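Reading through the structure tokens given below for one structure.
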Amino acid sequence: MCGIVGYIGHNNALPILLDGMKRLEYRGYDSSGIAYRNGKGMEIYKAKGRINELEDIVPLPFDHATEGIGHTRWATHGAPSTINAHPHCVDGVAVVHNGIIENYRELKAELITEGHIFMSETDTEVIPHLISRSMKKGLPLYEAILESISSLRGSFALGIMSDNDPSVLYAAKQGSPLVVGYGEGEFFFASDIPAMLNHTKRFLFLEDGQICTLTAKEIDIHTFGKNGTPVKEPAIVEVDWTASMAEKDGYDHFMLKEIYEQPRAIADTLSEWNDCSGSLFENLQLTVRNTFGLRRLHIVACGTSYHAALIGRCIIEELARIPVSVEIASEYRYRQPIIEHDTIFISITQSGETADTLAAQKEAKGRGAKTMTICNVVGSTAAREADVVLYTRAGPEIGVASTKAFTSQVAALCLLAISLASNRGLLMNGDLRVLMNQLHAIPELIEKVLKKSTEIQELAATLTGARDFLYIGRGINYPIALEGALKLKEISYIHAEGYPGGEMKHGSIALIEDGMPVVALAPMTCHFDKILSNIEEVRARGARVIAITDEPGALAHKADDIITFPAAHPLFLPFVTVVPLQLLAYHIAVLKQCDVDRPRNLAKSVTVE
Ligand code: AGP
């Protein structure tokens, strides 16, 4: 999960490349590097650490660079270091890469026997060596690139430039995301849209097996291979994202900004539905008649998106009475899944580029399922490969810890459930109107919860020393217990587990030690008495209970700390129970001086297995 950028055109490439790399730092940030041409030749600078380390060594005032490529790294092969940082350059050919070359060891051994000398421990370095070898056989650069690519196995998004071939860049895609940006007399490419939003809103999403040649005047796209076919009219997408959407706008962190954007993100997602639900059901051939024939939904996702899927199951089964199976993508893709007739496969993915989720979607499609994706990035691989797309309208989510995308996914799943139920005659007009009104009121309820941020910050200050947390919930709030635990551990590095309240007696209650924080999701629903028993059980064993509830009175003297949320429809509780947990995790991580937006070992989009 790295980030690559490229620029060619009339403006100075250097500041454009460095700015683009910073906007991709959420994809990887253990080292970075840049290669550019300044009219005299090619310069390469690389540094371990964040991109400002690189900026410190690039000579000022910036050279006027006409073209260049850049890379921000999340180490897969070879420790974070200057030597392992990209670009990797051999005989004047510089390469930046996102992905994993699975056969690099064999290729490296072959090249070493032929006398090639490797400098780094990376898989990527085989690529410029292969290109150099082909060029030494007399192939021009483009053909040398094609020949080299043909021997690669694995995933790659490549940016390539050569000291010997000025005024041209190459970008090639196989398995990792790569987007081309259209400017006026200038072209860009990057792993993700935010890197280019300052300069253009017109993008082309390269497909697997495509190579793009970029000059300042034009771009050309062909499929790989000697007899590669030209891509005549590539689809250009205009996004309605703005550059400021991909900036902090005065917030200390992207994560905090995105927590506060949730009311708007949900409202926009709900309005998207009004525009697209008809065509969505039509494309799924889900007319009123055949929703009765719908036998099952398979929902597959990873991480936070998987937690949204678990919530979706509760809502769809409750309202539409359709069986829903939910599975982790990395498990689904390898278990020879059985796809019955009249099944719809749904992937949920914020980035639309998660390798396991894409593979699962491809597996299901290959077995005959109709595929739908709930996705946040227009034109992403998941969106392009699914039969239908239900876009969340959360806007760019930069913080590694997903927040607004998660609640937008849940909003989309609510709409799907309500529409299926209505099509199946299970929701009469009156009930439908009530439910939709309550759903549209959710942004307002979240605004009320956001007002508790200071109170939650004060609570967080008493919890930074904890070693382990337990989160417990029941019913539709069990996935919120999982999500609260994931938020805490991924940004504060404190161990946390989410658990069904009813499972405590089956093992996890043995974990309880004196003062151990247990966060209990305790809304006044049919599960309240049961979760109250869980609270009493853990408290009797010394736990410090933090109750998240809409009935504080019922928990007086039962919990050590209480965070309240406004009452909501039982099926919509996740919206108001997750926000306190997002804020709790955020404040604990900030108080622990963790890097909230770029937590260690993580990247925003897991584009490799
Ligand atoms: C969420 O906070 C995590 N960053 C991670 O679990 C994420 O949800 C997961 O990698 C799935 O990403 P996706 O939605 O882009 O597919």
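Annotations
- In terms of its C-alpha gyration tensor, the stretch 23-119 comes out oblate, because a/c is 1.5 or above while a/b does not outweigh b/c.
- Accessible area of the chain belonging to carbon and sulfur atoms, whole % at 1.4 Å probe: 50
- Rounded to the nearest 500, the helix-only mean residue ellipticity at 222 nm of the chain stands at -11000 deg cm²/dmol, with each DSSP H run of n ≥ 4 adding -39,500 (n - 2.57).
- Reachable lysines, given that their alpha-carbon falls under 26 Å from the alpha-carbon of LYS232 and they are not under 8 places away in the same chain: LYS173, LYS201, LYS217, LYS362
- Straight-distance crosslink candidates among aspartates and glutamates, where the alpha carbon sits under 14 Å from LYS370 and sequence neighbours closer than 8 are dropped: GLU282, GLU340, ASP342, GLU385, ASP387
- For the stretch 15-140, the relative contact order is 24 percent, taking Cα pairs closer than 8 Å that sit 6 or more residues apart in sequence and dividing their mean separation by the residue count.
- For the cross-link pairs LYS108/LYS226; LYS505/LYS592; LYS22/LYS226, the ones whose C-alpha atoms lie over 29 Å apart are LYS505/LYS592; LYS22/LYS226.
- Fraction of alpha-carbon pairs over 13 Å apart in the stretch 364-406 - percent: 56
- Heavy-atom accessible area order for ASP597, ASP252, largest first, 1.4 Å probe: ASP252, ASP597
- Descending by average beta-carbon neighbour count within 10 Å, the peptides 601-607, 480-486, 434-440, 205-211 line up as 480-486, 601-607, 205-211, 434-440, the highest first.
- Cα convex hull, the stretch 206-263: 160 Å³ per residue, rounded to a whole number.
- The residue among ILE322, SER31, LEU413 whose Cα reaches farthest toward the positive pole of the charge dipole of the chain, with charges on the beta-carbon of Lys, Arg, Asp and Glu, is ILE322.
- With the gyration tensor restricted to C-alpha atoms of the chain, the semi-axes of the equivalent ellipsoid amount to 45, 28, 21 Å, longest first.
- Three principal axis extents of the stretch 89-169 based on alpha-carbon atoms, in descending order, are 32, 26, 22 Å.
- Whole-number percent relative contact order across the chain, with pairs defined as alpha carbons under 8 Å at least 6 apart: 12
- Rg/Rh (Cα only; Kirkwood hydrodynamic radius) as it applies to the stretch 169-217: 0.94
- Global geometry of the stretch 306-382, whether rounded, prolate or oblate, following the gyration tensor of its Cα atoms and the 1.5 cut on a/c: oblate
- Backbone N within the stretch 400-422 under 18 Å of label point (7 Å from ASP240 Cα along the Cβ vector): 405, 408-409, 412
- Less than 5 angstrom separates the built amide H of ALA603 from none of the residues sequence-distant by 5 or more or on a different chain.
- Legend: calculated FRET efficiency, ILE117 to GLU318, from the Cβ-Cβ distance at R0 = 51 Å, rounded to 0.05, equals 0.20.
- Cα gyration tensor category, rounded, prolate or oblate, for the stretch 118-164 with a/c compared to 1.5: prolate
- Charge dipole of the stretch 523-574 (Cα centre as origin; +1 on each Lys and Arg Cβ, -1 on each Asp and Glu Cβ, all else neutral): 140 debye, rounded to the nearest 20.
- The TYR251 and HIS495 beta-carbon pair, evaluated with R₀ = 30 Å, returns a calculated FRET efficiency of approximately 0.65.
- Positive contributions from Lys and Arg (+1) and negative ones from Asp and Glu (-1), summed over other residues with Cβ under 13 Å from the Cβ of LEU54, come out at -2.
- Solvent exposure of the chain as accessible area per residue, Å², 1.4 Å probe: 37
- Evaluated over the stretch 99-256, the Cα radius of gyration and Dmax, each in Å: 17.6, 55
- Mean Cα-pair separation over length for the stretch 170-232, i.e. relative contact order, pairs under 8 Å, 6 or more apart, %: 32
- Per-residue HN-Hα couplings for the stretch 515-524 [Karplus 6.51, -1.76, 1.60; θ = phi - 60°; Hz; x = Gly/Pro]: x, 5, x, 10, 8, 10, 8, 10, x, 6
The values are calculated or read from the model by the stated rules, or taken from the named source; none is laboratory data. Every value quoted in this text rests on a predicted model; they were computed, and no experiment measured them. Cβ coordinates were reconstructed from backbone atoms using ideal geometry, including for glycine residues, and neighbour counts include every protein chain displayed. Ligands, DNA and RNA are excluded from the accessible area calculation, which covers all protein heavy atoms including side chains. Shrake-Rupley method; radii C 1.70, N 1.55, O 1.52, S 1.80 Å.
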